[in-house]
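Structure, as structure tokens:
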Amino acid sequence: MKDAPDMKDAPDRKDAPDRKDAPGMKDEPDTPSLASLSEGYVPKTVATGPLAGSPIARFSAWLGIEVLEADAGRSVLHLPLKPELANRRNTIHGGAIATLVDSAMALATRSAEAGLETRGTVDLNIHFVSPGQGSLTATAQVTHAGGSIAFCQCEVRDTTQKLVATAMSSFKLRRAKAL
């Protein structure tokens, strides 16, 4: 059995520099907040259906995700092919696909009933089936909306209708209070 390394020369924790003193680190007040970076930002919104006018997540909009449909617990979203989304194999990166399915299932959940809001993704499980060719379309459906959690499923297909990914997710819910 190999002996543990001699720790007598290791610096004491109390002697370690503060994190803020480390090269490149700044105190909190100098760090811009998301709110300060958002000044003048006009959010992209859902164009059709009962969610018309409601904002789309900024990251989804930045990726170019378009809402084709969102109504009655179902949504259809489109992710156009852009060179910035390519992985090293020149197909759409799995992270962009993950955002597409998460966005599709969140919108499907929000469209399930009037006044329903998602408070965040609880879990997200994706199975990447095959690399997609061209733009991608995600179709999501709420399978069950309980008192505080909704469950969804989603399929992603490419321009040839080949199955690219399947996903399941659950979302924390908040319902509008009855007056």
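The values are calculated or read from the model by the stated rules, or taken from the named source; none is laboratory data. Just so it is clear, the structure is predicted and the values come from calculations on it, not from any experiment. Note that each Cβ is placed from the backbone with ideal geometry, even for glycine, and that neighbours are counted across all protein chains shown.
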Just checking, does segment 30-38 include any residue being at pLDDT below 70 and of a type in the set (Val, Ile, Thr)?
yes
Residue count, segment 76-111 (criterion: crowded, with 23+ Cβ neighbours inside 10 Å, at pLDDT below 95 and not in a helix (DSSP H, G or I)):
2
Single condition ALA61 does not satisfy, out of (1) buried (at least 16 other Cβ atoms within 10 Å of the Cβ); (2) touching a Lys or Arg at 6+ places or on another chain (Cβ under 6 Å); (3) at pLDDT 95 or above
(3)
Hey, can you tell me all the residues within segment 124-179 that are surrounded by fewer than 18 Cβ atoms within 10 Å (Cβ to Cβ), touching a residue at least 40 places away in the same chain (Cβ under 8 Å) and either touching a Phe, Trp or Tyr at 6+ places or on another chain (Cβ under 8 Å) or on the phi > 0 side of the Ramachandran plot (or both)?
GLY134, MET168
Kindly indicate the residue of segment 113-161 that is among the acidic types (Asp, Glu) and over 16 Å from GLY94 (Cβ atoms) and also nearest to the chain's Cα centre (by Cα) among those meeting that condition.
ASP123
Six or more apart or on different chains, Cβ under 9 Å: which pairs go from a residue in segment 78-97 that's more than 13 Å from TRP62 (Cα to Cα) and of a type in the set (Ser, Thr, Tyr) to one that's modelled with pLDDT of 95 or more and surrounded by 13 or more Cβ atoms within 10 Å (Cβ to Cβ)? Could you list them?
THR91/VAL164
